[in-house]
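Novice: So that we are looking at the same thing, I have put the structure below in structure tokens.
The values are calculated or read from the model by the stated rules, or taken from the named source; none is laboratory data. In this text the structure is predicted, and so the values were computed from the model without any measurement. Here the Cβ positions follow ideal geometry from the backbone for every residue, glycine too, while neighbour counts run over all protein chains shown. Accessible surface areas use protein heavy atoms only, side chains included; no ligands, DNA or RNA. Shrake-Rupley method; radii C 1.70, N 1.55, O 1.52, S 1.80 Å.
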Amino acid sequence: MLHAVIIDDEANGVKSLELLVQKFVPDVKVVASTTSAVEGIDLINNFRPDIVFLDINMPVLNGFQVLENLDYKKFCLIFTTAHREHALKALKQNATDYLLKPVDIEELRKAVERARKKLSTHFDLPDFTSLFVELPITDQMRVPLPGKNSVEYVQSSNIVYIEANSNTCKALIIGQQILEVNKSLKEYENLLCKSGNHFIRIHNSFIINLNHVVRYLREDGGYVVMQGKKTIPVSKNKKEEFLKAINLKAE
């Protein structure tokens, strides 16, 4: 008997998949399910399932962010999505599987059978970090900022900047709250600094939210003044990209 966890922000989606598994894949037991991505992280870590059915589009954390925050990752991952365009080929290449909604019974059976075969061998676990480029970070999306004893989930629009601090980071949140974060700036560059997002790495030590730039000054090589009066230099190799992002011509 294989154990499974279902994470989908739509209650109907959870219930529907639970019923399909129960009726048509009787040798798989759904041990836990939730409509909360944050709760889903705890369920996976605590239940240590063989299979995880994971929705991609969720309002607080998307499916890729759920994966990034897991301690336990020794399971077969089956994404569930209503959108073909979410780089499904890339998901396949990373030893994952996927089901399109509404879930087809035969596709469900095939996905579970592929998972069963992988679990019976010493398959290489997917490199989840390579999946995080799939979805843009929206202003409503919450970004995980893990500290020493807890993880803060902060709405992306409230992040003013993130500053490198050796192998960790400091993040300034609206309201002048600075959080110590146990992740590298590179990890947040991979997560946040993508086409269509408001974040850009303008210096080896800084990622900024363009929506919180108060002023750009050309003197001293160029630097920005952020909300909260923090001044941040724009590195020479990032200047053209930055000026383009704020619709200014390169100097």
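Novice: Considering every residue within segment 2-17, establish whether at least one is under 24 Å from Gln155 (Cβ atoms) and touching a Pro at 6+ places or on another chain (Cβ under 7 Å).
Specialist: Yes, that holds for at least one residue.
Novice: Testing Ile178 on (1) open to solvent by 40 Å² or more (accessible area, probe 1.4 Å); (2) β-branched (Val, Ile, Thr); (3) under 17 Å from Val234 (Cα atoms), one condition comes back false. Which one is that?
Specialist: Every condition holds for Ile178 apart from (3).
Novice: Can you tell me which residue among Lys244, Lys194, Lys186, Lys229 is of a type in the set (Lys, Arg) and surrounded by 15 or more Cβ atoms within 10 Å (Cβ to Cβ)?
Specialist: Lys194
Novice: Please find, within segment 78-94, the residue that is modelled with the lowest pLDDT out of those that are open to solvent by less than 10 Å² (accessible area, probe 1.4 Å) and closer than 22 Å to Ala11 by Cβ.
Specialist: The qualifying residue modelled with the lowest pLDDT is Thr81.
Novice: Then there's this: Considering only residues that are in a loop (DSSP other than H, G, I, E, B) and not polar (S, T, N, Q), which ones fall in segment 162-203? Lay out the reasoning, then the answer.
Specialist: First, pick out the residues of segment 162-203 that are in a loop (DSSP other than H, G, I, E, B): 166-167, 174-176, 182-184, 193-198.
Within segment 162-203, Ile174, Gly175, Lys183, Cys193, Lys194, Gly196, His198 meet the criteria.
Novice: While we're on this one: Among the residues of segment 149-184, count how many are closer than 16 Å to Asn69 by Cα and aliphatic (A, V, I, L, M).
Specialist: The total comes to 3.
Novice: Checking Ser166 against (1) open to solvent by less than 60 Å² (accessible area, probe 1.4 Å); (2) over 23 Å from Ala37 (Cβ atoms): exactly one of these is not met. Which one?
Specialist: The number of the failed condition is (1).
Novice: Can you find, within segment 182-212, the residue that is modelled with the highest pLDDT among those that are small (Gly, Ala, Ser) and over 17 Å from Val225 (Cβ atoms)?
Specialist: Ser184
Novice: Checking Ser157 against (1) closer than 21 Å to Lys244 by Cβ; (2) among the polar types (S, T, N, Q); (3) touching a helix residue (DSSP H, G or I) at 6+ places or on another chain (Cβ under 9 Å): exactly one of these is not met. Which one?
Specialist: Here Ser157 meets the rest and fails (1).
Novice: Of all residues in segment 227-251, how many are assigned to a loop (DSSP other than H, G, I, E, B) and on the phi < 0 side of the Ramachandran plot?
Specialist: The initial filter retains those residues of segment 227-251 that are assigned to a loop (DSSP other than H, G, I, E, B), namely 227-230, 234-235, 246-251.
Imposing the further condition that a residue be on the phi < 0 side of the Ramachandran plot reduces the set to 227, 230, 234-235, 246, 248-251.
Number satisfying all stated conditions: 9.
Novice: Where the second residue is part of a helix (DSSP H, G or I) and at pLDDT 90 or above and the first is closer than 12 Å to Ile200 by Cβ and lies in segment 239-251, which pairs have Cβ atoms under 9 Å and are six or more apart or on separate chains?
Specialist: Filtered contacts from segment 239-251: Phe242/Leu210; Ala245/Leu210; Ile246/Leu210.
Novice: Give Asp97, Asp71 a once-over and let me know the one that is at pLDDT below 90, acidic (Asp, Glu) and open to solvent by 60 Å² or more (accessible area, probe 1.4 Å).
Specialist: Going through Asp97, Asp71 in turn, just one is at pLDDT below 90, acidic (Asp, Glu) and open to solvent by 60 Å² or more (accessible area, probe 1.4 Å): Asp71.
Novice: Follow-up question, since we're still on this one. Give the number of residues within segment 13-63 that are surrounded by 18 or more Cβ atoms within 10 Å (Cβ to Cβ), without any contact (Cβ under 8 Å) to a residue 60 or more places away in the chain and acidic (Asp, Glu).
Specialist: Qualifying residue count for the region: 1.
Novice: Across segment 215-226, what is the total count of residues that are outside any loop (DSSP other than H, G, I, E, B) and either surrounded by 13 or more Cβ atoms within 10 Å (Cβ to Cβ) or among the hydroxyl-bearing types (Ser, Thr, Tyr) (or both)?
Specialist: Selection size over segment 215-226: 5.
Novice: On to the next question. For segment 171-181, name all the residues that are modelled with pLDDT of 90 or more and either hydroxyl-bearing (Ser, Thr, Tyr) or in contact with a Gly (Cβ under 8 Å, 6 or more places away or on another chain) (or both).
Specialist: Leu172, Leu179, Glu180, Val181
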